[in-house]
Structure formats: structure tokens, C-alpha cells
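*Asks:* Quick one: structure below, then a few questions.
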Amino acid sequence: MSNSRTRRRTKGAFGNNKPRAIEREFAPKRAPEPTGPHVPTFADKLAKFSQPILEQAGNNRTAAKGAMNVAILIWNAAIEGEAKIEEAKKKLVALPGADKEQVDELVTTMLARKQELFPEESHLVTNFALKFNHRTGTTFRVSAVNVSPEGVTKGKIKDIIQPSL
């Protein structure tokens, strides 16, 4: 047991007045830099597609989220077909401050942009998260479902149940 007379002779954490090296690194660890070429993710593609609408939103965060909702509505309608495009136009006309000519022009412009940039893309957006943070910047995450995956063909039920010989 140590007391005030023997404290200078003790070894260990208590009573030792010699500085010790800190074995922990306090700097945050960064993810390793990718070595290969950057392959754009689906979120990157969707952000590029919606760029004209996002530019109109400016620096307003609420307007940016609304612009992404509009862009995703048009994206999904472009994949699902003509009936969904008409339904999307009706939804957009119902928004406050929108008229039919503006909506028609916006939808045709964005459909042409989708066909020009990503003609083979067949992902339907199910959910997205657009977050603004003053430290890390803006993050954009997307959940999507591939409507027509590669290599999968639709077969006839008759062939599945009873394969032809």
C-alpha cells in the first residue's frame, strides 16, 4: 500500500509523474480513396437527371426537396409508360401556381432528358433521402427497384409447369 512517503517509488498509473506516450490516434480515419474509375451510382444519375429542376429551386432546402419529388415523379412515369405520364401531369397541374402549358413543357423536356441521358435505365424510385448538413454537405440516398433486370426473361406459364421436350 502506498502512502505519502513511498508514493515517489511506486510504479504504474498512480503516483508516477513521468509522461507516457499516448497510444491512441485522435485524427478521424478516412475511407480509402477508390483506385479504379468512378462508376456513377443511381443517386448520381438521378441527381444529374434532375439538375434543371434543382437549379430552379436555388438554395432553398424545402424547394430542393420538392424539386426532387417532381423529378422522381417524372422519372417513374417515364419508366412505367403513357398512362403514368398522364397521371403525373394531372398531379403536377394540381400543385399551386402551376398551369397546364408549363407542366406539359416541363414533362416533355424531362422525358427527352431521360431518353437522352439514360435510355436503358429501368429503376423505379421507391424512396429517397435528401439531407443538408453544414459539416458534411448535402447527401442524397435513393432506394430503387429494377423493373427489368438483365438476363431475366419472362417465360410462359405453360413452359414453366410443363417444359416442352
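*Asks:* When you scan segment 93-123, how many residues do you find that are in a helix (DSSP H, G or I), closer than 20 Å to VAL145 by Cα and hydrophobic (A, V, I, L, M, F, W, C)? Please lay out each step first, then the result.
*Replies:* Pass one, segment 93-123, residues in a helix (DSSP H, G or I): 93, 100-117.
Next cut, closer than 20 Å to VAL145 by Cα only: 111, 114-115, 117.
So of that shortlist, the ones also hydrophobic (A, V, I, L, M, F, W, C) come out as 111, 117.
Selection size over segment 93-123: 2.
*Asks:* Pick out the one residue from PHE42, PHE49 that is of a type in the set (Phe, Trp, Tyr) and either touching a strand residue (DSSP E or B) at 6+ places or on another chain (Cβ under 9 Å) or under 15 Å from THR139 (Cα atoms) (or both).
*Replies:* Values: PHE49 fails: either touching a strand residue (DSSP E or B) at 6+ places or on another chain (Cβ under 9 Å) or under 15 Å from THR139 (Cα atoms) (or both).
After applying the criteria, what remains is PHE42.
*Asks:* I'd like to check which helices (runs of 4 or more DSSP H) are fully inside segment 30-92 and have at least 3 residues that are surrounded by 10 or more Cβ atoms within 10 Å (Cβ to Cβ) and free of Cβ contacts under 8 Å to residues at least 12 places away in the same chain. Quick ask: steps written out before the conclusion?
*Replies:* Details: elements: 42-49, 51-57, 61-80.
Per the criteria, 51-57, 61-80.
*Asks:* Another question, if that's okay. Restricting attention to segment 10-24, does a residue exist that is among the aromatic types (Phe, Trp, Tyr), at pLDDT 65 or above, on the phi < 0 side of the Ramachandran plot and in a loop (DSSP other than H, G, I, E, B)? Please lay out each step first, then the result.
*Replies:* Of all residues in segment 10-24, those among the aromatic types (Phe, Trp, Tyr) come to 14.
Narrowing the set further to residues that are at pLDDT 65 or above leaves none.
The answer is no; no qualifying residue exists.
*Asks:* Residue check: is THR126 surrounded by 10 or more Cβ atoms within 10 Å (Cβ to Cβ), modelled with pLDDT of 90 or more, assigned to a strand (DSSP E or B) and of a type in the set (Ser, Thr, Tyr)? Quick ask: steps written out before the conclusion?
*Replies:* On the way: surrounded by 10 or more Cβ atoms within 10 Å (Cβ to Cβ): yes; modelled with pLDDT of 90 or more: yes; assigned to a strand (DSSP E or B): yes; of a type in the set (Ser, Thr, Tyr): yes.
In short, yes.
*Asks:* Only one of (1) surrounded by 13 or more Cβ atoms within 10 Å (Cβ to Cβ); (2) more than 24 Å from ILE85 (Cβ to Cβ); (3) over 13 Å from the mean Cα position of the chain (by Cα) fails for ASN133. Which number is that?
*Replies:* (1)
*Asks:* Is there any pair linking a residue in segment 93-108 that is on the phi > 0 side of the Ramachandran plot to one that is outside any loop (DSSP other than H, G, I, E, B) and surrounded by 13 or more Cβ atoms within 10 Å (Cβ to Cβ), with Cβ under 8 Å and at least six apart or on different chains, and which?
*Replies:* Sorted first by the residue in segment 93-108, then by its partner, the list stays empty.
*Asks:* Related question: Could you tell me whether any residue of segment 48-70 is β-branched (Val, Ile, Thr) and at pLDDT below 80?
*Replies:* So the first thing to find is which residues in segment 48-70 are β-branched (Val, Ile, Thr), and the list is 53, 62, 70.
Still in the running and at pLDDT below 80: none.
Within segment 48-70, not a single residue is β-branched (Val, Ile, Thr) and at pLDDT below 80.
The values are calculated or read from the model by the stated rules, or taken from the named source; none is laboratory data. For clarity, every value in this text was computed on a predicted model and none was experimentally measured. Cβ coordinates were reconstructed from backbone atoms using ideal geometry, including for glycine residues, and neighbour counts include every protein chain displayed.
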